[in-house]
Amino acid sequence: MDAEILEKVGLTKNESIVYLTLLKFGMLRATELLKQAKLNSGKIYVILESLENKGLVSESIINNIRHFSAAPPTELLEFVTRKKKEITNEEKIIKSNLSSLKKMQNTGTKEVKAMTFTGLKGLKSVVYDIIENLPKDSEIQSMGLTKFKDKKFSDFWTKWSTTRIKKGIKVKMVFSEYGDYYELFKKMPLTKTKVLEGITPVAVNIFGGDKVMILNYTEPSTFTLIQDKNTVTSFKQFFEQLWKIAKP
């Protein structure tokens, strides 16, 4: 078995190597273990103690010398089961305190003018949080929208729009070109679309009255969220000018 498999369930690289070595060779002293595992580590006892705490290694004293053995492989399932229970308990703790945490976040972000996120994961985390806090009948204004980006981002915005529509949030969208992507959004409820070809190399989303996001899909993709009413007002005015000259 490759040590990487055990790393995937929560063991460190050295813990995985030590456990598999003991499983293969049976009871070993620390010096023998280091030799068989081909490790040059002064922290072998730290690793062994960690594995003991996980229930994956046991210790015996023979002739006043410490010997170590691997627990049966079935104990790995017990280890994973315990981890699942711990994660479930941690999830309950977070859920029960989520409201308080959000209040702290809202208080703190008033002083933050701009934050930058990277990749699809970063984008998801921020825009779903934004939509969660937007009141019904709010309007989002978007410009510079294009199909010319990684498909995973186009798929994400399509899925995200379902959540937006369910919340009753309207959107005006200015696309940079006609095509299937434009037609997809054109058919959506609570959605108004126009086209102004080649208006901007990046997309811009204006959320309500105090947030604007600049989206650069070129790798490495970056998304900058600006929280400032004056900045949002400027982008809104720019958007309205573009909306007037864009074509359905």
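Structure above, values below:
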item	result
Helices (runs of 4 or more DSSP H) wholly inside region 1-111 that include at least 2 residues being under 30 Å from V126 (Cβ atoms) and small (G, A, S)	74-109
Among the candidates Y182, Y217, residue that is in the same structural domain as F117 (by TED's automatic domain parsing), out of contact with any helix residue (DSSP H, G or I) (no Cβ under 7 Å at 6 or more places or on another chain) and at pLDDT below 95	Y182
V195 being within 17 Å of G144 (Cβ to Cβ) and touching an Asp or Glu at 6+ places or on another chain (Cβ under 8 Å)	yes
Conditions (1) buried (at least 18 other Cβ atoms within 10 Å of the Cβ); (2) within 19 Å of I226 (Cα to Cα); number of the one not met by W157	(2)
Single residue of region 160-179 satisfying the filter (among the basic types (K, R) and either crowded, with 17+ Cβ neighbours inside 10 Å or under 24 Å from the mean Cα position of the chain (by Cα) (or both)) that is modelled with the highest pLDDT	K172
Close pairs (9 angstrom Cβ cut-off, 6 or more residues apart or separate chains): under 17 Å from T222 (Cα atoms) in region 137-153, of a type in the set (K, R) and at pLDDT below 90 anywhere	none
Subset of region 211-221 [polar (S, T, N, Q) and without any contact (Cβ under 8 Å) to a residue 24 or more places away in the chain]	N216, T218
Criterion: within 21 Å of N133 (Cβ to Cβ), in the same structural domain as V127 (by TED's automatic domain parsing) and either in contact (Cβ under 8 Å) with a residue 60 or more places away in the chain or acidic (D, E) (or both) - qualifying residue of T162, T224, T191, T233	T224
Subset of region 8-62 (residues that are of a type in the set (D, E, K, R) and surrounded by 16 or more Cβ atoms within 10 Å (Cβ to Cβ))	E15, K54
Qualifying residues in region 88-128 (those that are farther than 22 Å from P220 by Cα and surrounded by 13 or more Cβ atoms within 10 Å (Cβ to Cβ)) - the one modelled with the highest pLDDT	K102
Residue check, V126 assigned to a strand (DSSP E or B) and in contact with a strand residue (DSSP E or B) (Cβ under 7 Å, 6 or more places away or on another chain)	no
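The values are calculated or read from the model by the stated rules, or taken from the named source; none is laboratory data. Nothing here was measured: the structure is a model prediction, and the numbers come from that model. Because the Cβ atoms are built from the backbone with ideal geometry, glycine has one as well, and the counts that use them run over all protein chains shown.
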